[in-house]
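Reviewing the structure listed below.
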Amino acid sequence: MIRSRTTALATLAVAALALTACSAGSLGSSDSGSGGGDAVTLNFLVDNGEQTVKTAEQLGKDFTAKNSGITVKVETRPAGSEGDNIVKTRLSTGDMTDVFMYNSGSLFQAIAPQKNLVPMGDQSWGAGLDENFKSTVTADGQIYGAPYGGFMGGAILYNKPVYAKLGLQIPKTWTEFMANNAKIKAAGITPVIQTYGETWTSQLFVLGDFHNVSAAEPDFADKYTKNQAKYGTSAAARKGFEHLQQVHDLGYENKDFASAKLPDGLKLLAQGKGAHFPILSAVVSDLAATYPNSTKDVGLFAIPGDDAAKNGLTVWAPAGVYVPTSTTGAKLDAAKKFLGFIASKEGCDSQAKAGAVTGPFAVKDCKLPADVPQVVQDMQPYIDKEGSSSLALEFLSPVKGPSLEQITVEVGSGIRKAAAGASLYDEDVKKQAQQLGLAGW
């Protein structure tokens, strides 16, 4: 679902790559380690996405420049479920590299951090982490990870010249949003871009609405995990499906919504032929690559809800960098220092140097470079203002059905009504929750 797309967006192209980390010579060995010398080599495992590797190598290079006795050697693994299995296997067999990058949130919890990872609660950098991120790398009150990359938002990207031309204001309520859509349609411009030719893009009116859901029902995620709250019976949670149906029923979508794909949607947005695109903010990297002149013309706002005072941005937290319990001695000392570097302003600067910044950093002292796209700039105020951003549901609950993107395509295409779609999704997650063995299902 969104997580796999996240990886894809970050990497742009994920190709199969042989896992070279399994050779004995590359696992845990170093030019000193516990041998008594000063030099230490840290093996750093990351996924094989092009940008991921570039960022890891830049971090290693800049860290070594400040710590001449420590070298960071980057190793790669496949992304997706294959990579998940490799991480779990290497942790369980004690074969993990000295440091590794992996998901935060529910997948972080799935690798048994209390058993497999070194807690970092005694490291001073923990106090400088964004609270949303910190919660995604914490287990039993202990912090385990430093942030790798920036936040993503599930939001609405909009064409700023269209807004300026029509005299529109950024909407904070759904009523205001729909009023804008009516004016945009009257001006002959597509109000809402949808690209169901790539089904994952259909989910954002539901998944990106979660800040509004949790604002209305703060305990929804906890009850949802316990099977005490459902999309079909929660008025707040069902709104995302209702909004999806509404934009279709009022004819606000582009005519080719059923077959259009992400590049088609970005083209409409960049050229001002479409005004709104509910999507992950990370697509800004695709936008910048294809339409570099549009990065100042495309902005971002949170998906509007019922209450303007509580409107805010649903965010996907960055991945974390962790140290396995198999790392000991001089390597452990060096690994802790490396995580401290990553979670510092210098670490953020290093990551920015490695490539396009697609979201605000999760380190409070870090500032965005001045030349980041408007979409990224527009996210920062939501991160900075307490209560204006909250984590996506998948970071708060392991319950996540596999068929949401097919269901939202049906609702957004007029094939299935919103209420029926919400109830069908409840059945979808039921199967998954039972497979996980969660209590209450």
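The values are calculated or read from the model by the stated rules, or taken from the named source; none is laboratory data. Note that this is a predicted model, so its numbers are computed, not measured. Every residue, glycine as well, gets a Cβ built from its backbone with ideal geometry; the counts of neighbours run over all protein chains shown. Just so you know, the surface numbers come from the protein's heavy atoms only, side chains and all, with ligands and any DNA or RNA stripped out. Shrake-Rupley method; radii C 1.70, N 1.55, O 1.52, S 1.80 Å.
Please determine, by comparing only the residues of region 261-299 that are basic (K, R) and outside any helix (DSSP H, G or I), which one is least open to solvent (accessible area, probe 1.4 Å).
To start, the set of residues in region 261-299 that are basic (K, R) comprises 261, 267, 273, 296.
Now restrict to residues that are outside any helix (DSSP H, G or I): 261, 273, 296.
Values: K261: 102, K273: 120, K296: 160 Å².
My answer is K261.
Would you mind telling me which numbered condition in (1) at pLDDT 95 or above; (2) surrounded by fewer than 23 Cβ atoms within 10 Å (Cβ to Cβ) K239 fails?
(2)
Among the helices (runs of 4 or more DSSP H) lying completely within region 49-166, list those that include at least 2 residues that are modelled with pLDDT of 95 or more and surrounded by fewer than 21 Cβ atoms within 10 Å (Cβ to Cβ).
50-66, 80-92, 113-116, 160-166
Conditions: (1) in a loop (DSSP other than H, G, I, E, B); (2) at pLDDT below 95; (3) among the aliphatic types (A, V, I, L, M). A258 meets all but one. Number of the miss?
Unmet condition: (2).
Mind listing just one residue for me: the one in region 203-225 that is crowded, with 24+ Cβ neighbours inside 10 Å and of a type in the set (V, I, T) and, of those, farthest from the chain's Cα centre (by Cα)?
In this case the residue turns out to be V213.
Going through region 373-391 one residue at a time, which ones are over 21 Å from A309 (Cα atoms) and buried (at least 23 other Cβ atoms within 10 Å of the Cβ)?
Of everything in region 373-391, those that are over 21 Å from A309 (Cα atoms) and buried (at least 23 other Cβ atoms within 10 Å of the Cβ) turn out to be P373, V375, V376.
Hey, can you tell me all the residues within region 402-440 that are open to solvent by 80 Å² or more (accessible area, probe 1.4 Å), in contact (Cβ under 8 Å) with a residue 24 or more places away in the chain and part of a loop (DSSP other than H, G, I, E, B)?
Within region 402-440, P402, K417, A439 qualify.
Which condition does A282 not pass, out of (1) at pLDDT below 95; (2) farther than 15 Å from I156 by Cα, if it passes all the others?
Result: A282 passes all but (2).
Give region 308-330 a look and list any residue that's out of contact with any helix residue (DSSP H, G or I) (no Cβ under 8 Å at 6 or more places or on another chain) and buried (at least 24 other Cβ atoms within 10 Å of the Cβ), or say none.
A319
Return the pairs, sorted by first residue and then second, in which the second residue is open to solvent by 40 Å² or more (accessible area, probe 1.4 Å), the first residue lies in region 232-257 and is farther than 17 Å from M178 by Cβ, the beta carbons are less than 6 Å apart, and the residues are 6+ apart or on different chains.
From residues that are farther than 17 Å from M178 by Cβ, the pairs are G232/S423; A236/A216; A236/E217.
Does G105 satisfy the criteria of being on the phi > 0 side of the Ramachandran plot and out of contact with any strand residue (DSSP E or B) (no Cβ under 6 Å at 6 or more places or on another chain)?
yes
Taking the condition more than 22 Å from the chain's Cα centre (by Cα) and either among the β-branched types (V, I, T) or closer than 30 Å to K431 by Cβ (or both), does H248 pass?
yes
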